[in-house]
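*Asks:* Quick one: structure below, then a few questions.
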Amino acid sequence: MNNATPVIEIRDLHKSFGPLDVLKGVSITAPAGHVVAMIGSSGSGKSTLLRCSNLLEDSQQGDVIFCGEPVKWAGQGAHRRPADKAQLIRIRTNLSMVFQSFNLWAHLTILQNVMEAPLTVLKRDRAEVEQAARGYLAKVGIADKADAYPAMLSGGQQQRAAIARALCMEPRALLFDEPTSALDPELEQEVVRVIKALADEGRTMIIVTHDMRLAADVSDHVVFLHQGRIEEEGPPETVFGAPRSERLRGFLSATMAA
């Protein structure tokens with residue numbers, strides 16, 4: 001893959017849950033080293049689009065392209081599934097997801113949580129993985145919590161552990177699904193600082209967020225979804241500073257006032 005090839009490219013994606021059309025022909029591109037922020041009201045399709053990007057959800061129509069490699073599909077419509085299991089695993093392991101609810105293993109220490117996937121999925125050397133895991137815990141500011149269990153950490157610390165776990169897979173891109181929405185404002189800022197630092201490093205990221213300040217500060221491109229379609233998109237200074245559509249103006253007015 002050369003630097004001109006996007007890490008993730010979605011073309012004309014459609015996704016339904018039964019009779020409910022959630023995505024109605026959405027296209028997004030995440031170039032290498034860029035941050036794409038997705039904003040919009042609850043139910044607009046943001047999280048579904050993110051889950052379709054790393055194949056946690058199957059879409060019914062459209063293309064998902066990872067580093068220039070189109071996903072191979074079998075079946076059509078509601079019966080469409082990824083056709084190549086090896087490709088599916090390769091793509092998922094290169095697109096690390098950070099969830100709203102942390103999803104840490106309660107019975108494992110923080111260090112064990114961060115090491116688990118590289119050891120079991122990537123079959124990497126344990127000493128090498130431990131060294132990397134401790135490095136990533138230091139990067140997110142919780143090196144001293146390596147031997148603690150998730151229940152002993154604050155929400156902000158748990159989310160930073162989840163980010164370290166994602167980083168330890170050495171992915172091509174990080175996918176964040178509302179990474180700060182479960183946190184109170186003080187703890188939220190701990191996580192925002194980490195995400196900003198990752199953006200400054202030039203990591204490829206797609207961030208679904210309710211935090212307009214985060215979207216404005218870290219993204220190269222902002223996508224506003226409304227009822228399963230892209231209503232407006234562009235650089236953050238345009239989307240936030242000079243929105244063209246009435247829907248986006250209304251959304252920003254309500255969000256910024258909240």
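The values are calculated or read from the model by the stated rules, or taken from the named source; none is laboratory data. Since the structure is predicted, the reported quantities are computational estimates derived from the model, not experimental observations. Cβ placement follows ideal geometry from the backbone for every residue including glycine, while neighbour counts extend to all protein chains displayed.
*Asks:* Find the strands (runs of 3 or more DSSP E) located wholly in the range 198-258 whose residues include 3 or more that are of a type in the set (K, R), touching a Leu at 6+ places or on another chain (Cβ under 8 Å) and without any contact (Cβ under 8 Å) to a residue 12 or more places away in the chain, and list them. So that I can check it myself, show each step before the final result.
*Replies:* Values: elements: 205-208, 221-226, 229-234.
Ranges flagged: none.
*Asks:* Pick from the range 121-130 the residues that are part of a helix (DSSP H, G or I) and of a type outside the set (D, E, K, R): which of them is surrounded by the fewest Cβ atoms within 10 Å (Cβ to Cβ)?
*Replies:* A127
*Asks:* Out of V114, V121, I need the residue that is among the aliphatic types (A, V, I, L, M) and at pLDDT below 95. Which one?
*Replies:* The match here is V121.
*Asks:* Working carefully through the options A151, A166, A146, find the one that is touching a residue at least 40 places away in the same chain (Cβ under 8 Å) and surrounded by 14 or more Cβ atoms within 10 Å (Cβ to Cβ).
*Replies:* A166
*Asks:* Go through (1) surrounded by 15 or more Cβ atoms within 10 Å (Cβ to Cβ); (2) over 19 Å from A133 (Cβ atoms); (3) charged (D, E, K, R) one by one and return the number of the condition R203 breaks.
*Replies:* Evaluating R203 over (1) surrounded by 15 or more Cβ atoms within 10 Å (Cβ to Cβ); (2) over 19 Å from A133 (Cβ atoms); (3) charged (D, E, K, R) leaves (2) as the failure.
*Asks:* Restricting attention to the range 161-190, which residues are assigned to a helix (DSSP H, G or I), over 14 Å from the mean Cα position of the chain (by Cα) and at pLDDT 95 or above?
*Replies:* A161
*Asks:* If we keep just the residues of the range 1-12 that are of a type in the set (A, V, I, L, M) and surrounded by fewer than 23 Cβ atoms within 10 Å (Cβ to Cβ), which is nearest to the chain's Cα centre (by Cα)?
*Replies:* Just the residues of the range 1-12 that are of a type in the set (A, V, I, L, M), to begin with: 1, 4, 7-8, 10.
Going one step further and asking which of them are surrounded by fewer than 23 Cβ atoms within 10 Å (Cβ to Cβ), we end up with 1, 4, 10.
Working: M1: 21, A4: 21, I10: 14 Å.
Checked the range 1-12; the qualifying residue nearest to the chain's Cα centre (by Cα) is I10.
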